[in-house]
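Read the structure below first, then the notes.
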Amino acid sequence: EPEVTQTPSHQVTQMGQEVILRCVPISNHLYFYWYRQILGQKVEFLVSFYNNEISEKSEIFDDQFSVERPDGSNFTLKIRSTKLEDSAMYFCASSEFIRLSTDTQYFGPGTRLTVL
Amino acid sequence: ILNVEQSPQSLHVQEGDSTNFTCSFPSSNFYALHWYRWETAKSPEALFVMTLNGDEKKKGRISATLNTKEGYSYLYIKGSQPEDSATYLCAFGDDMRFGAGTRLTVKP
């Protein structure tokens, strides 16, 4: 069965460094998403992406964050200058159709980001 | 209710027991409600997307109901098995607001 994959599974970085988290969505899906979960807190929506553009973003998704689909398969989340509070599990998701929240979103296993 | 709330926070049942838990959400401007099953170290698995008041959906021993007027959804598991042990998450609305989850442990 097709699945969303994410790499790496765990990333450790120093505060102030740039990190890129990678995702390969399900191949025929059109909408892509990033979420995060800070330890002990709820899963939070960051951004959705469609047709090579951001379609929705939350207040969390500030100028330090960017997303890109550099080729036909990868979807990346970049954090330019990491802060301690960026430490979290980051989930990528994808959905087949256009509408944000009535279509099933398929999640990857997550990347745990630790900022030291 | 302004946020998405799930109860109980955790639940321990014996194998074979049936169980249910609740997701509460703002009753105004309903759009959709999602249920996910999340086992540790695995991807959250989509269970249901519910969009209509009175919706009832079923997947094997798991079913869900939706009441948009009063702002809640129930998830039922019939005859719980140890492999049902996971965290069950609901997410509401256009901006996918998640609840904190219900952690279910099924003891053999």
Practice problem: Look at region B:1-17 and say how many of its residues are at pLDDT 95 or above and either over 16 Å from the mean Cα position of the chain (by Cα) or under 12 Å from B:LEU104 (Cβ atoms) (or both). | Solution: 11
Quiz item: For B:LEU66, are the conditions met, namely being out of contact with any Lys or Arg (no Cβ under 7 Å at 6 or more places or on another chain), more than 20 Å from B:LYS42 (Cα to Cα) and in a strand (DSSP E or B)?
Solution: yes
Quiz item: How many residues does region B:1-36 hold that are part of a strand (DSSP E or B) and within 11 Å of chain A (Cβ to nearest Cβ)?
Solution: 6
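Conditions (1) under 29 Å from B:TYR31 (Cα atoms); (2) within 12 Å of the chain's Cα centre (by Cα); (3) more than 13 Å from every other protein chain (Cβ to nearest Cβ), marked per residue:
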site: A:THR76; (1), (2), (3): yes, yes, yes
site: A:LYS83; (1), (2), (3): no, no, yes
site: A:SER87; (1), (2), (3): no, no, yes
site: A:TYR90; (1), (2), (3): yes, yes, no
site: A:THR104; (1), (2), (3): yes, no, no
site: A:GLY108; (1), (2), (3): yes, yes, no
site: A:THR114; (1), (2), (3): no, no, yes
Practice problem: Starting from region B:69-91, take each residue that is on the phi > 0 side of the Ramachandran plot and in contact (Cβ under 8 Å) with a residue 24 or more places away in the chain and list its partners that are assigned to a strand (DSSP E or B) and among the hydroxyl-bearing types (Ser, Thr, Tyr), counting only C-beta distances under 6 angstrom and pairs at least six apart or across chains. | Solution: B:GLY71/B:SER24
Practice problem: Report the residue count in region B:74-108 for those that are of a type outside the set (Lys, Arg), in a strand (DSSP E or B) and within 14 Å of another protein chain (Cβ to nearest Cβ). | Solution: 9
Practice problem: Kindly indicate which of B:LEU52, B:LEU47, B:LEU11 is aliphatic (A, V, I, L, M) and over 16 Å from A:ASP103 (Cα atoms). | Solution: B:LEU11
Quiz item: Can you name the residue in region B:49-58 that is within 14 Å of chain A (Cβ to nearest Cβ) and modelled with pLDDT under 95 and, of all such residues, is farthest from A:SER95 (Cα to Cα)?
Solution: B:ASP55
Quiz item: Among the residues of region A:89-97, is there at least one that is within 24 Å of A:GLN14 (Cα to Cα) and of a type in the set (S, T, N, Q)?
Solution: no
Self-check item: Members of region B:75-108 found to be within 14 Å of B:PRO8 (Cβ to Cβ), surrounded by 15 or more Cβ atoms within 10 Å (Cβ to Cβ) and hydroxyl-bearing (Ser, Thr, Tyr), listed by number
Solution: B:THR87, B:TYR88, B:THR102
Self-check item: Among residues of region A:71-101, those that are β-branched (Val, Ile, Thr), touching a strand residue (DSSP E or B) at 6+ places or on another chain (Cβ under 6 Å) and surrounded by fewer than 19 Cβ atoms within 10 Å (Cβ to Cβ), counted
Solution: 1
Exercise. Kindly check whether there is at least one residue in region B:34-52 that is over 25 Å from A:GLY108 (Cα atoms) and among the polar types (S, T, N, Q).
Key: no
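The values are calculated or read from the model by the stated rules, or taken from the named source; none is laboratory data. Source: prediction; values computed, not measured. Virtual Cβ from ideal backbone geometry, glycine too; neighbours counted across all protein chains shown.
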